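A short write-up of the structure that comes next.
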Amino acid sequence: MRNVRSSMNDYPVMLAKRRRTRKLDLGGVAVGGEAPISVQSMCDAPTRDVGAVLRQIRALAKAGCDIVRLAVPSRTDARALSEITDQSPLPVVADVHFSAELALWALNAGVHGLRLNPGNLSQPGDMARIVEKAAGRKVPIRVGVNAGSRPPGILERFGGDAARAMVECALQS
């Protein structure tokens with residue numbers, strides 16, 4: 001760790017050395033590698049409310065946000081993505097749970113990234129279908145797993161080690 005001065009005050013801030021990662025492009029924003037750290041936020045307006053979402057996105061952009069994430073829990077929300085991505089000043093990441101179809105709709109709508117929890121995709125082959133389409137469009141996927149979406153028995157397989165069980169869930173997907 002190195003000791004640096006915060007721009008917000010005179011107190012030192014401890015920074016850990018960054019891990020080496022591969023740089024990717026998310027709608028014109030470089031993420032990873034030697035790129036500067038980007039700021040991502042999430043709208044709290046229902047995605048289906050295009051006007052409210054675009055107002056929030058513009059406010060986030062004005063405040064210095066680089067990437068915006070939107071929840072896509074329904075077909076109505078997925079249908080709104082095309083209009084939002086067309087007008088958004090920021091790259092849009094669709095946060096999709098429980099439905100491969102919604103993820104595929106989001107890709108068709110032109111989102112710049114996907115956030116998926118593979119533990120929430122129930123059908124065999126769902127993740128492969130999404131990955132294939134995303135790869136064809138050069139859309140990055142952020143895989144997120146959590147304790148609530150682990151497959152049955154995996155925690156026991158790892159002797160109660162939740163961190164190892166979650167990593168295994170992500171790797172299996």
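The values are calculated or read from the model by the stated rules, or taken from the named source; none is laboratory data. Model, not experiment: these values are computed from the prediction. We place every Cβ from the backbone using ideal geometry, glycine too, and count neighbours over all the protein chains shown. Each accessible area value is taken on the protein alone, full model and side chains, heavy atoms only, with ligands, DNA and RNA left out. Shrake-Rupley method; radii C 1.70, N 1.55, O 1.52, S 1.80 Å.
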Selected residue [part of a loop (DSSP other than H, G, I, E, B) and more than 14 Å from PRO140 (Cα to Cα)] from GLY33, GLY110, GLY51: GLY33
Candidates VAL68, VAL93, VAL143, VAL131 - the one that is closer than 22 Å to THR21 by Cβ and free of Cβ contacts under 8 Å to residues at least 12 places away in the same chain: VAL131
Selected residue [under 15 Å from VAL72 (Cβ atoms) and open to solvent by 60 Å² or more (accessible area, probe 1.4 Å)] from ARG142, ARG115: ARG142
Test set (1) without any contact (Cβ under 8 Å) to a residue 12 or more places away in the chain; (2) open to solvent by 50 Å² or more (accessible area, probe 1.4 Å); (3) more than 21 Å from ARG22 (Cα to Cα) - ARG75 fails condition number: (1)
